[in-house]
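Reading through the structure tokens given below for one structure.
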Amino acid sequence: MTILLDPTSERTVAGRALAARPPSLKGKVVGLLDISKPRGDVFLDRIAERLAGEGAKVLRFAKPTYTKPAPVDLRHEIASRCEVLIEALAD
Amino acid sequence: MPASAAKKPSLPDGLVAVVKRDCPTCALVEPVLRELQEASGRLTVYTQDDPSFPAGLRAVDDRELEMSWHHAIETVPTLLRIERGAEVGRTVGWNRKDWEALTRVSGLGPSLPPHRPGCGSMSVDPDKADALAARFSGGKIRSRRIELASLEDEVESLFDRGWTDGLPVVPPTEARVRRMLEGTRRAPDEIVDAVPPDLAPASVEKVAINAVLAGCKPEYLPVVLAAVEAACTDQFNMHGVLATTMPVGPVIVVNGPIRRAIGMNSGVNVLGQGNRANLTIGRALQLVIRNVGGGRPGEVDRATHGSPGKLSFCFAEDEEGSPWEPLSVERGVPAGASAVTLFSGEGTRCVIDQKSRTPDSLASTFAANLRALHHPKLVLAFDAMLVIGPEHARVFRDAGWTKARLLAEIEARLQIPWADLARGAHGIAEGMPEHFRSETLPKFRPGGLLLVHAGGTAGLFSEIIGGWQSGPGGSQPTTREVRP
């Protein structure tokens, strides 16, 4: 019988249920996160326009650089202020 | 279930002496030991360095230092009295009165001086102590044990669990991991850093397990640990290097005496196959990122093409044959110290110039080839590493060009006119955005070109390794000293 040592972090990934899909965006706070790739703003400007037309309140966020994960404070701010988030990856 | 939670081996009843030949006091008491065996017949001698010492006493071989470690021997000679398996008395060094009291034999060693201090036990030698502790302390290996079913093939089971990079790996048994841990003085539970992308903490032990998987020898482990440290810095940004759609991975350049000590290749086929240290060190780092960090292709790793170097990309600089200071020294590591430098790099591209015999001509060749890196119309965004072959380096040595001179000459040749860079110029949409507009732009940011000397002694070639997004917003070359 062979016994091997586990090479992984031995973490168990926590399962989280998706938030319920809102029936309408009217009156909802929608965050738009620009990961700071070129022209991501072009895409998000148009999305912001469309969302505002549907009665949503739009908040804009941006990562300092697309090469690194969003800083923890930014993630916290988004989570505490928004009900819905759209992330834009563009080139 | 710590399978090998080492049980303390017991000493035989009677008198026990622990000695080594290399200790003058042990040699001094040799006749006393013989006298005691004749008198009591219940003396057992353990020897730490030479089983034929003391002659004629049939000493027990403790070169593995297992007995010495478990019974906390700090000095040789140590004389113990054991009754019903338990130690009831001990004395260290040579002291006639103490020896007589412990042995209950009088008139010991009449021709010897009354006392003489002993020597250090090999089991407390600072070079060995941590490795012995890692080996004999049993419970210190903390990783989950995975018991394979009797019909399971070891190598296949590792593929099935997703722990390989696509090539077979060495099964990480506890014995192999313990041997690997002997390659460092660092404790198995020391946390090296949080490994991207999951930012999972990697202990020295987890790195050692992955080094076993990769096929490393224990003496490579300090280099792997230094590479993991460098990879986990915000400066190197392993998360981005992994997540990018570009084909880059960590390229490890090793400098200093450890290159020779562990048999790394810096010569013929330096960037190719065939050298165990080069190949397995680079592979171990990638396996740490995969297994501890959770970075797998198609998940956080989004590379469009990737590159063969993402299996392993590690080599040593040829310092002995170089006209210049080593990369590590240029980057602030003291000469004579060993270090790794990590560079986020793609594959290699050969620069051929078999005609240039002047440094100016060869610098122009380098500049012309480097200009096309990633796209001839994109500048300042990417670093590069130029691996200069010995036959090319000779041209600069003969001309007395320093490394700084060569870098400055290449830089001067890579000031590119805006007319060649603007989007749309030369009928190519790709190019620099308008807000960069300037009369000329340099291809590389300051410090964005690294020079390394390596390769076989025949061939007027060098190699370009292109980088990824450069600077603080991307990945910056990162150097770490190798610690034992």
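The values are calculated or read from the model by the stated rules, or taken from the named source; none is laboratory data. What you are looking at is a predicted structure, and each value in this text was computed from that prediction instead of being measured. Cβ coordinates were reconstructed from backbone atoms using ideal geometry, including for glycine residues, and neighbour counts include every protein chain displayed. Heavy atoms of the whole protein, side chains included, go into the accessibility calculation; ligands, DNA and RNA do not. Shrake-Rupley method; radii C 1.70, N 1.55, O 1.52, S 1.80 Å.
Computed quantities for the displayed model
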| item | result |
| --- | --- |
| Other protein chain Cβ atoms within 10 Å, averaged over every residue that makes up B:153-161 | 1 |
| Stretch gain in nm, segment B:ASN269-B:ALA412, where the contour uses 0.36 nm per residue and the Cα spacing is subtracted | 48.4 nm |
| The protein assembly as shown - charge dipole about Cα centre, Lys and Arg +1 at Cβ, Asp and Glu -1, debye rounded to 20 | 800 |
| Label-to-label distance, nm, for residues given as B:ALA55 and A:LYS57 (7 Å Cα→Cβ offset) | 9.6 |
| Using a Förster distance of 22 Å, the FRET efficiency for B:ALA372-A:ARG39 (Cβ separation, nearest 0.05) | 0.30 |
| Filtered chymotrypsin sites (Phe, Trp or Tyr not before Pro), chain A: DSSP coil and at most 14 other beta carbons within 10 Å | none |
| Over chain B: helical MRE at 222 nm, DSSP H runs n ≥ 4 each giving -39500 (n - 2.57), nearest 500 | -8000 deg cm²/dmol |
| At most 12 other Cβ within 10 Å, DSSP loop - trypsin sites (Lys or Arg not before Pro), the range B:19-60 | B:ARG58 |
| Cβ-defined net charge surrounding B:PRO218, 10 Å radius [Lys, Arg +1; Asp, Glu -1] | +2 |
| Area of B:LYS377 that stays accessible when all protein chains are in place (1.4 Å probe, Å², to 10) | 10 |
| Helix B:359-371 vs. chain B, principal-axis angle (Cα, 0 to 90°, nearest 10) | 80 |
| Per-pair calculated FRET efficiency, R0 = 35 Å: B:GLN235 and A:LYS28 via Cβ, rounded to 0.05 | 0.30 |
| Lysines whose Cα lies under 22 Å from that of A:LYS28, excluding same-chain neighbours fewer than 8 positions away | A:LYS57 |
| Inter-probe distance in nm under a simple model that places probes 7 Å from Cα toward Cβ, at B:HIS305 and A:THR12 | 4.3 |
| B:ARG104-B:ALA133 FRET efficiency (beta carbon distance; Förster radius 41 Å; 0.05 resolution) | 0.70 |
| For the protein assembly as shown, projected area of the alpha-carbon convex hull averaged over all directions, nm² | 37.0 |
| B:ARG394 versus B:SER150: modelled label distance in nm, points set 7 Å from Cα along the beta carbon direction | 6.5 |
| For the range A:1-39, residues shielded by at least 10 square angstrom of accessible area compared with the chain on its own, probe 1.4 Å | A:MET1, A:THR2, A:ILE3, A:LEU4, A:LEU5, A:ASP6, A:PRO7, A:THR8, A:SER9, A:GLU10, A:ARG11 |
| Helix axis angle, A:40-53 relative to chain A longest principal axis, alpha carbon, degrees | 60 |
| Principal-axis tilt of helix A:72-81 within chain A, Cα atoms, nearest 10 degrees | 50 |
| Helix-only CD estimate at 222 nm, as mean residue ellipticity for chain A, using -39500 (n - 2.57) per DSSP H run (n ≥ 4) | -8000 deg cm²/dmol |
| Qualifying trypsin sites (Lys or Arg not before Pro) in the range B:413-484, DSSP loop, other Cβ atoms within 10 Å at most 16 | B:ARG423, B:ARG437 |
| Inter-chain shielding of B:171-178 (mean C-beta neighbours from other protein chains, 10 Å cut-off) | 3 |
